[in-house]
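K.L.:
Below is a structure I'd like to ask you about.
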Amino acid sequence: NLLSFERGVRDSLGARIKRWDARRACRLAQCNLFESQYLLERAKQATQQRVAHPGLLYLGVHEDFYRSAPCDEVDPGALLLVSSMQEHKDNPTILRMLARLRQDRPEVAWRLSVAGGQSAEQWAPFRQQAAELGVADALEILGPLPKPELSERMARSACLVTASRVESFCMVALEAMASYCPAVVTDATSMPESVGDAAAIVSAGDDRGFAAAVLALHDDPAERSRRLELGRQRADNFGPRAFREQLRGYLEQ
């Protein structure tokens, strides 16, 4: 986990112990597997290049997310955020994006559905932020969803948006792509490595950039179709079979 090598603003004893344990594992383990090249390089920096027997093992997208075809009933104003209430997820940027979209393109019925977290009640502070920005009426908090239901939500959404600044690997973007849902992500940490050229990438914290990326998908059906195809091709490289084969290779080695 990338947070095992990143010092937080509010550094706790538990976080310090976690970082010490991660560095110790890097030095002593018979094999150290990392879920992105970015995470591996960050671990090398944190341990002064003392990572024993490193390897790269991209996680696999669960088979429940792979649809056979794009959904025929996509809501052009429906945006989906799959996140949690952790500070590094930078969810307020997505609310500002929503406010900007409603201001600049009021003829579109923009709505933001939010999945994830431990419960729907946990998102109360996010609801308050939405109210302060005047977009609470366009917000739907779903809370945690079963994988098939989440995949269906993705398939019916215009796009997935995630403003996260700290990710070891952006699995949710690959899950969306497997579900035939285009993704808009940030340029932070492992995000570009995760999505390649299949997703729109904007600067972290840039609500204006997010709004522009969403409008590009909304206004240009050909561009959205291109992203759908690129996304599915990208997701196909991260399926359960690819993960099993990679893991088996490391175990045999």
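K.L.:
List every residue pair whose Cβ atoms sit under 8 Å apart, with the two residues 6 or more apart in sequence or on different chains, where the first one lies in the range 121-144 and is among the hydroxyl-bearing types (Ser, Thr, Tyr) and the second, anywhere, is modelled with pLDDT of 95 or more.
P.N.:
Nothing qualifies.
K.L.:
Scan the range 147-154 and tell me whether some residue there is within 14 Å of the chain's Cα centre (by Cα) and surrounded by fewer than 20 Cβ atoms within 10 Å (Cβ to Cβ).
P.N.:
no
K.L.:
So in the range 208-227, with the set limited to residues that are under 20 Å from Arg96 (Cα atoms) and touching a residue at least 24 places away in the same chain (Cβ under 8 Å), which one is most open to solvent (accessible area, probe 1.4 Å)?
P.N.:
Arg208
K.L.:
Next question, about the same structure. Could you name every one of the helices (runs of 4 or more DSSP H) located completely within the range 6-118 that has at least 2 residues being among the small types (Gly, Ala, Ser) and either crowded, with 17+ Cβ neighbours inside 10 Å or in contact with a Cys (Cβ under 7 Å, 6 or more places away or on another chain) (or both)?
P.N.:
It comes to 37-46.
K.L.:
Related question: For the range 7-57: of the residues being aromatic (Phe, Trp, Tyr) and out of contact with any Asp or Glu (no Cβ under 8 Å at 6 or more places or on another chain), which is nearest to Ser168 (Cα to Cα)?
P.N.:
Phe34
K.L.:
Also: Is it fair to say Gln122 is out of contact with any Ser or Thr (no Cβ under 9 Å at 6 or more places or on another chain), surrounded by fewer than 16 Cβ atoms within 10 Å (Cβ to Cβ) and either not hydrophobic (A, V, I, L, M, F, W, C) or not in a helix (DSSP H, G or I) (or both)?
P.N.:
Against the criterion (out of contact with any Ser or Thr (no Cβ under 9 Å at 6 or more places or on another chain), surrounded by fewer than 16 Cβ atoms within 10 Å (Cβ to Cβ) and either not hydrophobic (A, V, I, L, M, F, W, C) or not in a helix (DSSP H, G or I) (or both)), Gln122 does not qualify.
K.L.:
Using the structure shown, decide if Asp64 is touching a helix residue (DSSP H, G or I) at 6+ places or on another chain (Cβ under 6 Å) and touching a residue at least 24 places away in the same chain (Cβ under 8 Å).
P.N.:
yes
K.L.:
Out of the residues in the range 228-253 meeting the condition of being among the small types (Gly, Ala, Ser) and in contact (Cβ under 8 Å) with a residue 60 or more places away in the chain, tell me which one is farthest from Cys71 (Cα to Cα).
P.N.:
Ala242
So that you can scan it fast, the table gives a plain yes or no per residue for (1) under 19 Å from Val214 (Cβ atoms); (2) in contact with a strand residue (DSSP E or B) (Cβ under 8 Å, 6 or more places away or on another chain):
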position	(1), (2)
Val135	yes, yes
Glu140	yes, yes
Leu145	no, yes
Glu152	no, no
Val166	no, no
Met171	no, no
Leu174	no, no
Met177	yes, yes
Ser190	no, no
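K.L.:
State yes or no: is Arg232 open to solvent by 70 Å² or more (accessible area, probe 1.4 Å), assigned to a helix (DSSP H, G or I) and modelled with pLDDT of 95 or more?
P.N.:
no
K.L.:
Restricting the search to the range 87-106, which residues are more than 15 Å from Phe210 (Cα to Cα) and over 13 Å from the mean Cα position of the chain (by Cα)?
P.N.:
Of everything in the range 87-106, those that are more than 15 Å from Phe210 (Cα to Cα) and over 13 Å from the mean Cα position of the chain (by Cα) turn out to be Glu87, Pro106.
The values are calculated or read from the model by the stated rules, or taken from the named source; none is laboratory data. Just so it is clear, the model here is predicted, and its values are computed rather than measured. Cβ sites come from the backbone with ideal geometry, for glycine too, and all protein chains shown count toward neighbours. Ligands, DNA and RNA are excluded from the accessible area calculation, which covers all protein heavy atoms including side chains. Shrake-Rupley method; radii C 1.70, N 1.55, O 1.52, S 1.80 Å.
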